[in-house]
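Single-structure report; data block below.
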Amino acid sequence: MPTLLHIESLPRKTRSASLDVARAYLDAWRDAHPDHRIDVLDLRSTALPEFDGDALDAKYADLSGTPLSDAQARAWADIRQLAQRLHAADTLLFSVPLWNFSIPYKLKHFIDVVSQRGILFSFDERGFGGLLKD
Ligand SMILES: Cc1cc2nc3c(=O)[nH]c(=O)nc-3n(C[C@H](O)[C@H](O)[C@H](O)COP(=O)(O)O)c2cc1C
């Protein structure tokens, strides 16, 4: 079933302007796509893996072609599992408040964790390529 993934990066569920905008969009989306599924990834309540230690070492081991240790492989599997929500979606909707002329730190954390070679993009002698469908 086609899926829209709504990625919420706002800290408050009530009195949230960005969530109001997203809800208006989702109402229109449901009318236009009654057969589509809506998944919600609430970054406020999601335990995001830290991107340090084994996860960081796994990234550089992959880049240098070094086999991953068991701990690095577990850290990488957690990241792959989180990114799976993006792969399962056909459409991504981000509700993002402006924080200090940028994005909330939870969203930056999520982007830094999942933006990995072999997970969201490929990188080889032919250059970069996106791995998400469409
Ligand atoms: C930590 C923080 C930083 C903010 N930084 C900015 C900013 O740089 N520029 C701005 O116009 N509004 C800023 N705001 C105001 C928010 O963008 C505004 O309150 C918005 O409605 C928040 O989204 P929400 O209602 O979905 O929570 C900031 C608010 C917070 C809590």
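Summary of computed values
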| quantity | calculated |
| --- | --- |
| Of all residues making up region 95-134, the number that are without any contact (Cβ under 8 Å) to a residue 40 or more places away in the chain, under 18 Å from residue 56 (Cβ atoms) and among the polar types (S, T, N, Q) | 1 |
| Qualifying position, being over 20 Å from residue 39 (Cα atoms) and of a type in the set (Val, Ile, Thr), among 111, 103 | 103 |
| Which listed residue is β-branched (Val, Ile, Thr) and either on the phi > 0 side of the Ramachandran plot or in contact with a Leu (Cβ under 6 Å, 6 or more places away or on another chain) (or both), from 38, 119, 111 | 38 |
| So residue 58, is it part of a helix (DSSP H, G or I), modelled with pLDDT of 95 or more and more than 16 Å from the ligand (Cβ to nearest atom) | yes |
| Close pairs (8 angstrom Cβ cut-off, 6 or more residues apart or separate chains): over 14 Å from residue 42 (Cβ atoms) and touching a residue at least 24 places away in the same chain (Cβ under 8 Å) in region 5-24, part of a loop (DSSP other than H, G, I, E, B) and within 8 Å of the ligand (Cβ to nearest atom) anywhere | 17/97 |
| Subset of region 9-45 (residues that are at pLDDT 95 or above and within 18 Å of residue 79 (Cα to Cα)) | 40, 41, 42, 43 |
| Test: residue in region 113-125 that is among the hydroxyl-bearing types (Ser, Thr, Tyr), within 16 Å of the ligand (Cβ to nearest atom) and more than 15 Å from residue 7 (Cα to Cα) | no |
| Test: residue in region 61-82 that is assigned to a loop (DSSP other than H, G, I, E, B), within 16 Å of the ligand (Cβ to nearest atom) and farther than 28 Å from residue 36 by Cβ | no |
| Test for residue 86: is it at pLDDT 95 or above and not in a helix (DSSP H, G or I) | no |
| Scan of region 1-54 for residues that are over 19 Å from residue 86 (Cα atoms), more than 16 Å from the ligand (Cβ to nearest atom), in a helix (DSSP H, G or I) and not charged (D, E, K, R), ordered by number | 28, 32, 53 |
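The values are calculated or read from the model by the stated rules, or taken from the named source; none is laboratory data. Values in this document were obtained by computation on a predicted structure and should not be read as measured data. FYI the Cβ positions are ideal-geometry reconstructions off the backbone, even for glycines, and counts take in every protein chain you see.
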